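*Asks:* Dropping the structure in here first, questions after.
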Amino acid sequence: MNRKAFFHLCANGAEVRNFILCSDDYAAAFNLIGVCAANTDVMVVSFSLEDSHPHILLYGTYEACVAFKNLYERLYLRHAASTRSHDDKLVFHCELYPIGDDGDYLRNVAVYTIIQATKDGKPVMPYDYPWCTGALYFRSGHYTPVWYFDTNGRILEPSPFSQLGAREQRAVLHTRGFSIPGSWLVCNGLILPENYIDKRIFESIYQTCNRFRVYLSSPKKREEEMLSRMSEYRGIALEDQEARKICGDVCKQLYGIRDPRRLKGEQRLELARELRHRYHLTFRQLSLLVRLPESEIRFFVR
């Protein structure tokens with residue numbers, strides 16, 4: 001259970017609503033990834049942000065990656081609550097997908113996390129898109145990352161976080177409850193990804209520039225295979241009434257009663273496993289049906 005592995009954290013764009021509405025939201029979503037990296041035992045390998053949803057590749061234990069996911073959701077929702085009106089109706093929930101030992105699938109996912117803007121039609125390459133980490137990988141010689149330029153094209157000098165004033169620090173963090181190391185560099189109000197991303201992990205996935213170039217093209221077939229695998233892992237969400245009836249029926253078959261609340265913890269987990277096996281229900285729906293935390297369902301049910 002303590003084995004480290006790669007995980008793909010993302011939100012379903014069809015389910016998320018009003019994730020990013022303005023440039024301040026982009027900066028908050030961007031910087032909070034760094035805040036979460038500093039406060040969990042997880043390595044962020046790559047990421048990109050679209051106005052509809054994020055994509056993040058993580059490396060760590062399952063427990064640590066779940067902690068990162070939960071913290072990121074909580075901090076971003078807190079940011080939105082403090083900066084928006086209640087009419088915006090933000091819906092934001094992430095999924096955590098295990099990559100497994102399939103090297104080809106890992107290479108597909110890794111590149112997918114940095115090409116979102118280009119893939120979605122924006123006239124920008126990954127290494128010039130400011131809301132992703134594409135500028136870090138397979139670069140040779142001296143170069144200036146996109147985050148160092150201001151809106152007029154001037155190159156700014158990064159500053160250590162500890163040298164910023166208290167108000168500037170709060171503006172960078174977008175949260176009051178967590179901080180980052182004082183030595184981390186900040187530029188343009190952004191926590192530079194180079195502080196917490198080890199680009200060697202990303203580059204080791206491809207090993208050579210040429211292999212990275214091949215996967216960067218991301219043919220439609222590879223993308224469809226990856227999305228299909230994500231959809232299969234996510235599961236199926238049934239109507240609540242139908243799901244409750246199915247749960248009651250299976251509970252009755254297994255334990256002679258229809259109410260999962262009368263079961264012990266291990267029995268509830270076994271019921272969740274059976275519902276997942278028979279009907280491939282989503283982890284979130286299983287959590288509601290058997291009355292257990294979703295984090296436990298994700299950990300013990302496959």
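FYI, it's all coordinate maths here, none of it is from the lab. Note that the structure is predicted; figures quoted are calculated from it, not measured. Positions of Cβ are backbone-derived with ideal geometry, glycine not excepted, and every protein chain shown enters the neighbour counts.
*Asks:* Please report the base-10 log of the normalised intensity I(q)/I(0) for segment 164-274, using a Debye sum with one equal scatterer per alpha carbon and no solvent, at each q in 0.12, 0.15, 0.22 (1/Å).
*Replies:* Debye output, listed in q order: -0.85, -0.85, -1.16.
*Asks:* So which of 4/119; 199/221; 4/221; 4/69; 119/221; 119/199 end up more than 24 Å apart by C-alpha?
*Replies:* With Cα atoms farther than 24 Å apart: 4/119; 199/221; 4/221.
*Asks:* Turning to a different aspect of this structure: Of the listed peptides 143-154, 122-133, what is their order by residue-averaged count of other C-beta atoms within 10 Å, with the highest listed first?
*Replies:* Listed from highest to lowest mean packing, they are 122-133, 143-154.
*Asks:* Given the alpha-carbon gyration tensor of segment 39-108, what are the semi-axes of its equivalent ellipsoid in whole angstrom, ordered largest first, with each equal to the square root of 5 times an eigenvalue?
*Replies:* Semi-axis lengths for segment 39-108 are 27, 14, 9 Å.
*Asks:* Which is farthest toward the positive dipole end of the chain among 28, 287, 179, measuring Cα position about the Cα centre, with Cβ charges +1 (Lys, Arg) and -1 (Asp, Glu)?
*Replies:* 287
*Asks:* Right, next: Can you pull the one-decimal nm distance between simple spin-label points at residue 154 and residue 88, each 7 Å off the Cα toward Cβ?
*Replies:* Label-label distance for residue 154 and residue 88, simple model: 3.0 nm.
*Asks:* Let me ask something else about it. Viscosity 0.692 mPa s, temperature 37 °C: give me the Stokes-Einstein translational D for segment 236-284 in µm²/s, with Rh taken as the Kirkwood radius over C-alpha pairs.
*Replies:* 305 µm²/s
*Asks:* What is the fewest-to-most order of 191, 115, 257, 246 by other Cβ atoms lying within 10 Å of their Cβ?
*Replies:* Starting with the residue having the fewest Cβ neighbours, the order is 257, 246, 115, 191.
*Asks:* Would you mind estimating how fast the chain diffuses translationally, via Stokes-Einstein at 20 °C and 1.002 mPa s with the Kirkwood radius over Cα pairs, in µm²/s?
*Replies:* Calculated translational D: 103 µm²/s.
*Asks:* Less than 14 Å Cβ to Cβ from residue 238, Lys/Arg counted +1 and Asp/Glu -1: what total charge do the surrounding residues give?
*Replies:* +2
*Asks:* Work out, in µm²/s and without decimals, the Stokes-Einstein translational diffusion coefficient of segment 1-142 at 10 °C, 1.306 mPa s, Rh from Kirkwood over C-alpha pairs.
*Replies:* 102 µm²/s
*Asks:* What shape does segment 136-202 take by its C-alpha gyration tensor, where a ≥ b ≥ c are the square roots of the eigenvalues and a/c under 1.5 counts as rounded, a/b above b/c as prolate, and the rest as oblate?
*Replies:* Oblate, because a/c is 1.5 or more while a/b does not exceed b/c.
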